[in-house]
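Here's the structure we're looking at; comments come further down.
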Amino acid sequence: MTSVNRRTLLAGSILAPVALALDGIAEAATPKEVLVVVGEQGPNSLDTMVPVANDYSRLVAWNVYDRLVSHGTKTMANGATGYDVTVMVPELAESWDISADGKTYVFHLRKDATFHDGSPVTADDVKWSFDRAVSVGGFATVQMGAGSMVHPGQFSVVDAHTFKMTFDEHNKLTMPDLVVPIPVIVNSKLAKQHATAADPWALDWVQHNDAGGGAFKVASWQPGTEIVFTRFDGWTSGPKPKLRRVIYRQIASPGTRRALLERGDVDISVGLPPRDYAELAAAGKLQVIGTPVQNDLLFVDMNVKMKPFDNLKVRQAMAWAVPYQSIMDSALYNRDVPMWGGDPSKPYPPAWPVVSPYKTDLEKAKQLLTEAGYPNGFQTTLSYDLSEATTREPIALFMQESLAKIGVQVTLNKVPGANWFAQMASKTMPFVITEFYGWLVPEEYFFYWNFYGKNDAVFNTANYQNPKLDALIEAARFETDPAKYDQDLVAMNDIVMTDMPRIPLARLFFDVAMQKNVKGYVYWFHTHLDYRTMYKV
């Protein structure tokens, strides 16, 4: 990348307002207790439970709201600190009891916890928040269902500081599902003041206002531009954060975000293109931490209920025609773990994701198309999320070029990011480049969100349903015998890799670049920054 000096950056008429604004931030960002972060995307809601809430709303939920419990941390293979899914630690709940049969959970809340407005946190707030999460519909309600939290009757108040949950059977996902940024504790007394008959859960008010009691408060929010967090000194659910203030600024241009970071005007940049992270890591002047995302998969889906992808041989042909190495080298810049080119003689392991046996073989692809009745190929549309165009567009162009060699003419459909979830949910796209990673580690969780026919999950863009697979997914969630679980997981892998509704490409890294004086970074399953542990030296 060519060097960009301050004068050159300010001279650009488009970038000048951003640079001038960030000059002001840079002056304010020099104090040790202030962190300045830049990224392309930001929250569209302050309420994680609103059905339209985007992924960056989880950033708000994590730092502004408490959950009952959290995970411990550990040193990862890359030397960085990450969450430890095997360890549960207190957050709002200082202790808990689980019955021997795993059907009853009792949580004992901290008696000194307060919300940001100073009102005490009670079990009534927890009950109302959980009732809300299972009732509002959409992503939040489905996520709660992963842990078998499905209706308000399961939740009860024992006393002011004791909350109880009951279940028909034990589900190993229940406790880790309490850690995700969905079952957050909302100030029910405050929210109810803004509830209406049409909006009994005060979704409209909470999505625009802070109703939390977490480590940080929302000081200001300009949607699409900036959100500012300030430390809540009354927080008792963990060690007091060292940061006093965090400024998260949205800047569309990755080149500008990189320049600001290299110049020292900001502390952290997230969401840069893989090429930038590769170059910054090689230069060694900044910290670049890349972590393979748990059970992540970047893939190409084929809608099995739309011609010609209802034909297995067509789907297999597409898998042989993908230009895998070009995608790794020139779209992802090897900031990934390849999930293709496996040994076809070996059985699939009891794990997820698994490496597919496919690699680029255009002759084999052409032969399969001929056997499927498409000797001259066909026409189709390949869709991708425009907000992820940094990687998705070059992948689409490589796909378009390679498929043309076997007679498949591909038109690219660039879906605006604001419409992407709706398009996925419609299941009307024949050919799709997208990605999914699960917040919860157990392998069947990926299958639950992507292939479970009874779920009609938005991420099942292949529109794939298989009753045998559904039965295995249901059984896996409650299976306690490790050997039987592994056996079922191998069977699940066999089904989806044989039917090939989805072509695996890669397991991506989550990359973050920061100044060398920024410390306390912890990788979390949701991939957002945890400001509670971060500080500057």
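When Lys and Arg each count +1 and Asp and Glu each count -1, what net charge do the other residues less than 13 Å away from residue 471, Cβ to Cβ, add up to? Working shown, then result.
Details: positive: 454, 468, 477; negative: 444, 470, 474, 479, 488.
Charge balance near residue 471 sits at -2.
Average 1/r across all pairs of distinct alpha carbons in region 394-537, invert it, and you get the Kirkwood radius: 18.3 Å. For residue 371 and residue 86 in the same chain, what is the full-extension length gain: residue separation times 0.36 nm, less their Cα-Cα distance, in nm? That works out to 97.7 nm of additional length. Placing pseudo-labels 7 Å out from each Cα toward the beta carbon at residue 454 and residue 346 gives an inter-label distance of 3.5 nm.
DSSP finds beta bridges in the chain, and of those with both partners inside it, around 75 percent are antiparallel.
When the listed pairs 189/240; 103/427; 313/484; 307/414; 172/240 are checked against a 27 Å cut-off, the alpha-carbon distance exceeds it for 103/427; 313/484; 172/240.
The trypsin sites (Lys or Arg not before Pro) of region 468-534 that meet both conditions, a loop assignment by DSSP and at most 14 other Cβ atoms within 10 Å of the site Cβ, are 516. Counting every C-alpha pair in region 162-206, the share spaced more than 15 angstrom apart comes to 59%. With a Förster radius of 56 Å applied to the C-beta separation of residue 111 and residue 425, the computed FRET efficiency comes to 0.85.
Seen from all sides and averaged, what is the projected area of the convex hull of the Cα atoms in the chain, in nm²?
That works out to 25.3 nm².
Principal axis extents of the Cα atoms in region 98-190, from largest to smallest and rounded to whole angstrom, are 37, 31, 21.
Here the chain is scanned for GluC sites (Glu not before Pro) in DSSP loops (not H, G, I, E, B) that have at most 14 other Cβ atoms within 10 Å, and the longest stretch holding none of them is 170-537.
Computed with a 1.4 Å probe on the full set of protein chains, the accessible area for residue 329 sits at about 70 Å².
The values are calculated or read from the model by the stated rules, or taken from the named source; none is laboratory data. Source: prediction; values computed, not measured. Counting neighbours? That spans all protein chains shown, and the Cβs are built from the backbone with ideal geometry, glycine included. Each accessible area value is taken on the protein alone, full model and side chains, heavy atoms only, with ligands, DNA and RNA left out. Shrake-Rupley method; radii C 1.70, N 1.55, O 1.52, S 1.80 Å.
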